[in-house]
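These notes are about the structure you will find just below.
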Amino acid sequence: MKMLLESLLLALILSNLVLLGSTRVRNYVKVIALQGFILGLLTLLLHLGALSIHTLLLSGGSILLKSLVFPWLLIRAIREADVHASVEPFVGYNASLIIGVLLLPFCFWLASRLPAQLMPTMASSLPIALFTMASGLFLIVARKKALTQVVGYLVLENGIYVSALALVGEIPWIVELGVLLDIFVAVFVMGIALYQINREFDHIYTDQLSSLKG
Amino acid sequence: MNYLAFSAPLSALVLAPFLQSVINRTKATLAGRQGQPLLQPYHDLWKLLRKGAVYSSVTTVIFRLGPTVSLATGIMALFLLPLGGFPAPLAFAGDFLLLAYLLGLGRFFTVLAALDTGSSFEGMGASREVLFSSLAEPALLLALATLCRLTDASSLSAMLAGVNQDLWLGTLPALLIVICTLGVVLLAENCRIPVDDPTTHLELTMIHEVMVLDHSGPDLAFNNYGATLKLWVFSAILAGLVMPLWQALGLPPWLAFGAGMLTVAIAIGVTESVMARLRMDRVPKLLLSASLLATLALFLQQR
Amino acid sequence: MLVIFLAGLACLLLAGMSALVIGKRLRLATWVAVVGVIAGSTLSLVAALQILLGQPAVSARFTWSMPLGNLVIGIDGLSAFFLLPISALSALGAIYGTGYFASHGTSKSSGLPWACYLGLVASMAVVVTAQNALLFILAWETMTLASFFLVIFEHRKTAVRQAGWIYLVATHCGTAFLLVMFLLLGKHAGSLDFDQLAAATPLTGQLAGLLFVFAVIGFGTKAGFIPLHVWLPEAHPVAPSHVSALMSGVMIKTGIYGLIRTLGFLGAPEAWWGILLLGIGLSSGILGVLFALAQHDLKRLLAYHSVENIGIITLGLGAGVLGVALDSAPLAVLGFAGCLWHVLNHALFKGLLFLAAGSVIHATGSAEIDRSGGLSKTMPWTATCFLVGALAISGLPPLNGFASEFLIYYSSLAADLRSTVLDNTLLVIIMGGLALIGGLAAACFTKAFGMVFLGLPRDRLPGVPHEAPFSMLAPMGVLAVSCLAVGLLAPLLLNVLALPVLVCVGGTIEMVSLTLGIVRQPLAAITVTSAVLLSLIGALLFWRQRMLARRVVNSAVTWDCGYDRPSARMQYSGSSFAAPLIKLFGFVLGSRTEYSPITGLFPAASHLATHTPDLYQERLYRPLFMSIARLLKQVRRLQHGKLQVYVLYIVISLLALLLWEMR
């Protein structure tokens, strides 16, 4: 049980590392799908003792939405907008990995300093949650495309989700629903925006959006 | 002094080329070929040892020193390496640092010997070698440091003795990552396929082989033998880590170690058969990822 | 004991002044200076060794007409340890300098450079033995000025003057911080004597932290912490080689000495001090070696390697401070021991490398790595010495660099910290960082040695390569042998470290010796391995010789891939050798490439040049100083040379003061 939990957390952290070093947009989407699946399993696993409709719905919804619907939307966006396969970073892949090496100890340090009351079953997951959030933020900052920013937001949300699991064990239903809805809308809007930007400008570089201002 | 302790380095000296042939045989089998005889590496070494030598007129004594030093450091590294249940003849706290630096010394002279020829091909190989090895070094030491903390020991012999089934069960994630990291380091340091192709034929794409283009006769034999010893060193560390799996099947330590060595050799052979070589500028990413993984393992180990 | 040391100091000062007076008679001045340096160094070396081998620490107190304290000079374990490299390297450098000044200073009096050299040596000796802040600062400034005049030895060249200028400004900015720090300390303790400073009531946490940062900036400027290192790569290449050796080998270490000494006045350290030092050490180490890799000038490359080695030393220092802060005896003792030992080792091998580089420049007239090549055929002894230094600085066994790096590595392994996160972070920084630095240093020195001494000459050089004269070879030989000896005798030399480390960590000598004892067995095993390795290499060489003796050994051209006309210009150059690494780390180096591409069917001549300027000087200091200069230009409007208006200024200010007083 503990082993399984740890392996899931390990898979989560490894998926973040893959994101940092990945060069292809499609890999991003695959990793996002994987992360959604991991989170769903994690929720299920944590409440294995006392399964309720709530947990089942939450984990099922999480898996359905994060590992099927979002990836499908994103893949569609990639296809529709004819996104180039490469990620095109501001910060190179090697540099990203080095920053990853530096972020990791920092997150562990931060987690050790936070005066948080952790759930005993998830005591080791706080640094991993922090690292997931940090990687999400890093992807938003350090990658060029609008699509990678969506991915960054999703990773950030995953990190928040894990930290919530670690801190309160159970996320109030309505909060999680609200967050999921937010993300859903965000992905949806991004998809449309992506398509529109692409149609208007033949590319989807957010750094050139600044040319729109008067 | 326990004379039995010397059995480890001595058997390594004898068996190291055989490891090479297991890898070759694995690759041949996967490619549907019959493959060379298992004793071929021994024949090759013997043949080279009996030959004369040709030296470039550009070279100096450094060129002649290179293969000898790299062989000598390889042999010395064996004396720091435990084998199966036997501790190494020289086991002391922090000996893995000396091991890494001994191999570094050998590499230093191999690189200088390559530069001594004045050939641009060999310069290119040397340049790539120092690039990849300097990135592999942190991954290696971080992985071994993690192992130190996992087993609460600080010498290679004690560390590998501390890797048992309990450790496997207790700290599986960290141990798996350490094995992955050491695997990547092994492939990079020994010029194996995703990093370098030991059997390639074009000078421009080689790394290690191009550095020794100008060596001949006994020098080449020293160099090749040194390379097999280096491969043995890394494989033996990995074999020591996977040994408990075989011991779980009821094998005695020395047999479990042998099985571990075969596992590693076959794993290398399979990796080489199923993977393509990475583009040169992708290799640093692989090695940086290995360092990153080792850092992760270090933070995961303390529970 | 102190008498011996003071006699040595007197020797140095007397010889310096005599050299100045009889400067016109070149040969005599040189003799006087060299004999003075050797006598002075030997005396202070004797005094230092006696202290290190167990004699009690000594100090003498004289009254002087300065406020706040007395003129106190004394030798304790730490001072004695720093006196070792100062004495040894200055004597060897002086012997080397006889050849150098003789060949360069024919047109002018050689008295002044010698006087400066002796002044530099004497002031360094006073810096590490002063036990009063005022005396310390005086010696510190003398050291700066003496080295400044030595840096601008070839002052007719613009580049040299500019480098000297950067050195002077940078080091004075650092001194400003030191002055403030010592004044605040003195105000707190009521005296500037070191014993009073150490005995004063502990400072409050914030003030101690602030003073620590001041000390890091002030001493770090001299030591060359990144980004305070800007003067190093400018000043070292232009100074005469033996002066570079002395400056890089020992003068920058006085910064480390000052920092350790000051830590003793600040009370119990906090954990963040150690972490800050570790961070500085890591960044200085990695960036130093990366910038070194990108250099085309041999001495500039060595200068950046000083930054790298200061980084390694600071890693040890940080580990030690962290150990003291967190009460971990192994980390504290081994960290400080590694730091101090690397100070000594760096003096030996960096001195050796600078002297060997000096011989190369002396012989070929050029320090450009990309133009030279094949010098080991004409300069075999210099090449051997450089090779020993290169192996040592790359931290490879059996030489001395490995022993001290092993201590720093081992301190992180032996650390028993209470916090696991801190423990792991320490391991990542020291294991990962030091391994990366070591790997890159090996890359850099295979480049330096391989390109300069191996292969064929890549270009026509200004001078005809020839072996250096004996006066230049002998000091190099001594240093090379000591590199090997210190490496092989490491377990014995551990005892010498006990007293200096005791000054750093406090506690009892028994505790320190006991803790140091845990590395004695590993070091002994390393010595055994090294000895066996050396004999194994010998045996293999002998066997190979025997095998080849009875066979055909031919000579041919290097394998050229079937190309008909390979030329020496086609060899891999230093730049191409380092290019992949430079590209990989381009995001911290900011290298620039000038390239005129080849176009058309019959391309005209084309060229490619890479240049890696110091990023910090380009992006940080130049803009900063430019804006300060622009700001100050506004002030110049007040100064226009009209006397009447000046008087008006005076009247206005007097009136203003009067009104202020009458209000």
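Between helix B:61-78 and chain B, what is the angle of the helix's C-alpha long axis to the longest principal axis, kept within 0 to 90° and rounded to the nearest 10?
It is inclined by approximately 20 degrees.
Return the lysines within reach of A:Lys66: Cα separation strictly under 17 angstrom, same-chain partners fewer than 8 residues apart disregarded; answer none if there are no such residues.
A:Lys30
Taking θ = phi - 60°, what integer Hz values does the Karplus form 6.51 cos²θ - 1.76 cosθ + 1.60 yield along the stretch B:124-139, in sequence order, with x for Gly and Pro?
For the stretch B:124-139, the Karplus-derived couplings read 5, x, 4, 4, 5, 4, 5, 4, 5, 6, 5, 7, 6, 4, x, 4 Hz, x marking Gly and Pro.
Of chain C, which part is the longest with no chymotrypsin sites (Phe, Trp or Tyr not before Pro) in a loop (DSSP not H, G, I, E, B) and with at most 13 other C-beta atoms within 10 angstrom?
Free of exposed loop sites, the longest segment is C:65-562.
Which lysines, if any, have their Cα less than 16 Å from the Cα of C:Lys253, not counting same-chain residues under 8 positions apart?
Partners found: C:Lys222, C:Lys350.
Using Cα pairs closer than 8 Å and at least 6 residues apart in sequence, work out the relative contact order for the stretch C:327-543, in percent.
34 percent.
Distance from the Cα centre of the stretch C:402-468 to that of the stretch C:148-200, in angstrom?
That distance is 30 Å.
Assigning unit charges at the beta carbon (Lys, Arg +1; Asp, Glu -1) and nothing else, what dipole magnitude in debye, to the nearest 20, does the stretch B:1-116 show about its Cα centre?
Computed about the Cα centre, the dipole is about 440 debye.
For C:Leu207 and C:Leu6, FRET efficiency with R0 = 25 Å and r from the beta-carbon atoms, rounded to 0.05?
Efficiency, rounded to the nearest 0.05: 0.10.
Looking only at other chains, what is the average number of their beta-carbon atoms within 10 angstrom of each beta-carbon in B:131-144?
That average works out to 6.
Roughly how far apart, in whole Å, are the Cα centres of the stretch B:266-291 and the stretch B:127-199?
For the stretch B:266-291 versus the stretch B:127-199, the Cα centre distance is 15 Å.
Using the charge dipole of chain B (Lys, Arg: +1 at Cβ; Asp, Glu: -1 at Cβ; taken about the Cα centre), state which of B:Ile62, B:Leu97, B:Leu296 has its Cα farthest towards the positive end.
Result: B:Leu296, furthest along the dipole toward the positive end.
Give me the distance in nm between label points sitting 7 Å out from Cα along the Cα-to-Cβ direction at B:Leu39 and B:Leu262, one decimal.
2.0
Using the Cα atoms as the points, what is the convex hull volume per residue of the stretch B:168-294 in Å³?
In the stretch B:168-294, the Cα convex hull volume per residue is 113 Å³.
Suppose only helical runs count, i.e. DSSP H with n ≥ 4. What mean residue ellipticity at 222 nm does that imply for chain B under -39500 (n - 2.57) per run, divided by all residues and rounded to the nearest 500 deg cm²/dmol?
The per-residue figure over chain B is -23500 deg cm²/dmol.
Using amide H atoms built 1.01 Å from N in the peptide plane, name the residues 5+ places from C:Thr610, or on other chains, whose amide H lies under 5 Å from its own.
Answer set, sorted by chain and number: C:Glu594.
More than 33 Å apart: what percent of Cα pairs in chain C qualify?
Tail of P(r) above 33 Å: 49 percent of Cα pairs.
Using amide H atoms built in the peptide plane, which far-off residues or other-chain residues are under 5 Å from C:Ala468 H to H?
C:Thr382
Quick one: angle between helix B:283-300 and the longest Cα principal axis of chain B, in degrees between 0 and 90, rounded to 10, please.
20
Dipole size in debye (nearest 20) for the stretch C:327-543 around its Cα centre, Lys and Arg Cβ +1, Asp and Glu Cβ -1?
I would put it at about 480 debye.
Looking at the stretch C:5-70, which trypsin sites (Lys or Arg not before Pro) are in a loop (DSSP not H, G, I, E or B) and have at most 15 other Cβ atoms within 10 Å?
Filter output for the stretch C:5-70: C:Lys24, C:Arg25.
Convex hull over the alpha-carbon atoms of the protein assembly as shown: what's its volume per residue in Å³?
In the protein assembly as shown, the Cα hull volume divided by residue count equals 243 Å³.
Between C:Phe62 and C:Ile628, what FRET efficiency follows from the Cβ-Cβ distance if R0 is 41 Å, with the result rounded to 0.05?
After rounding to 0.05, the efficiency reads 0.50.
Can you tell me the Rg and the Dmax, both Å, for the Cα atoms in the stretch C:327-543?
Cα only, the stretch C:327-543: 19.8, 62 Å (Rg, Dmax).
Pull up all non-local amide H partners of C:Leu456: gap of 5 or more, or a different chain, and H-to-H distance under 5 Å with H placed in the peptide plane.
Amide H neighbours of C:Leu456, under 5 Å, 5+ apart: C:Gly374.
Would you mind computing, in nm to one decimal, how far apart the modelled labels at C:Met511 and C:Lys24 are, each placed 7 Å from Cα along Cα→Cβ?
6.3
Return the sequence-ordered ³J(HN,Hα) values of the stretch C:200-214 in whole Hz as given by the Karplus equation 6.51 cos²θ - 1.76 cosθ + 1.60 applied to θ = phi - 60°, using x for Gly and Pro.
Values, residue by residue: 5, 4, x, 6, 6, x, 5, 5, 4, x, 4, 5, 4, 4, 4 Hz.
Calculate the spin-label point distance for C:Ile598 paired with A:Ile75, positioning each point 7 Å from the Cα along the beta-carbon direction, and give it in nanometres.
4.7
Counting Lys and Arg as +1 and Asp and Glu as -1, each charge on the Cβ, what is the dipole of chain C about the Cα centre in debye, to the nearest 20?
Approximately 1760 debye in magnitude.
List, in order, the whole-Hz ³J(HN,Hα) value for each residue of the stretch C:300-312 obtained from phi through the Karplus relation with A = 6.51, B = -1.76, C = 1.60 and θ = phi - 60°; use x for Gly and Pro.
Values per residue, Gly and Pro as x: 5, 4, 5, 4, 5, 5, 5, 4, 4, 5, 4, x, 4 Hz.
Hey, got a sec? Which trypsin sites (Lys or Arg not before Pro) in the stretch C:430-465 land in a DSSP loop and have at most 10 other Cβ atoms within 10 Å?
Counting only loop positions with at most 10 other Cβ atoms within 10 Å, the trypsin sites (Lys or Arg not before Pro) in the stretch C:430-465 are C:Arg460.
Please give the helix B:7-30 orientation as an angle from the longest Cα principal axis of chain B, in degrees from 0 to 90, rounded to the nearest 10.
In chain B, helix B:7-30 runs at an angle near 80 degrees to the longest axis.
We did not get these values from a lab; they are worked out from the coordinates using the rules stated. On a predicted model such as this, the values are computed, not experimentally measured, just so you know. Note that each Cβ is placed from the backbone with ideal geometry, even for glycine, and that neighbours are counted across all protein chains shown.
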